[in-house]
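Written out below as structure tokens is the structure these notes cover.
What follows is calculated from the coordinates using simple rules that are stated; it is not laboratory data. All figures in this text were calculated on a predicted structure; none of them were measured in a lab. Note that each Cβ is placed from the backbone with ideal geometry, even for glycine, and that neighbours are counted across all protein chains shown.
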Amino acid sequence: MNLLQIETFLEVAKAGSFAAASRRMSLPSSTVSARIKALEDRLGVTLFRRTTRKVALTSDGQHHFEIYNEAFELISSLEARSVRSEDLTGHIRLTVPVDFSMPRLARMLGNFSNLHPSLKLDIIVTDAVLDFVDHNIDIALRGRAPGTDSLICRQLGQEKLGFFASPDYIAKRGAKLMEANFEGCTLFDPFLQAHKCGDLTKKSVPSLLQTESKELSKAMAVQSQGIALLAQSLCENEVQSGELVELPCEGTLPDLPLYLVMPSKRLVPQRVRALIDHLVKQNRIEPHDPAKEAME
């Protein structure tokens, strides 16, 4: 079986003409025609109905196209899988927000580096929305607004919010805090959305220190300066060490979306695809946008 003949047949069928197929394959038209004739002679069937401008598959041609196309897709898949993890090389540039949970990021990227020891990761920690082309960015992790319609995004999941305070602050304020009563308490709300939490925060006292920094809000809570509304993942180490306690919450707090973003209309290198797949697996990503199919 001549695989070059079959590959040429598939290209002609997809392109709709011999001339278009020759351009796509960077081959002379005579070579394309010769390969198709040789395949037809070998199979003993006519694969195309020819006109002066285009060709169409015969019933035999359609039958063979379906079989060959499925076989070539399987071959391509096997070739992609045959590249061993340790063989992937090169650089990947990734941006993450300043307030992203660094322990969580360290776990994800540490596991990835163990799987692909020859890949080099360049992590840019910034809240600036960097241009993918100007700054040579491969992937970005972003919250809330992922970017423009020209970008491809997938949702990494939902960040759960919670109210956090130090044991000393809770001890000074008494049992009311553990009953979700924040009356008279200082609240650090870097998301500026505590008003969405119903009666829970109506009687709280916003801090004179207003900031969008989650890390600063967390530091103020650790220092017993008030209660901070933060993502649970950002406080997991402090909760484990006993520096912070998550307070009970009446009602439902809004979730924070986290997106994986990359530029569209661009070939995805296999090393970048490997990182995307890893993040998908680590975060159990759910589909966010139909445009995500371009990343698969």
- Between the DSSP loop rule and a limit of at most 16 other Cβ atoms within 10 Å, which GluC sites (Glu not before Pro) in segment 44-73 are left? none
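For segment 83-122, rounded, prolate or oblate, judged on the Cα gyration tensor with a ≥ b ≥ c (square roots of eigenvalues), a/c < 1.5 rounded, else prolate if a/b > b/c? Show your work: numbers first, answer last.
Numbers: a/c = 4.07, a/b = 1.88, b/c = 2.17.
Oblate, because a/c is 1.5 or more while a/b does not exceed b/c.
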- Item | Cross-link pairs beyond the 32 Å C-alpha cut-off, checked among K14/K281; K120/K281; K172/K214; K176/K214 | K14/K281
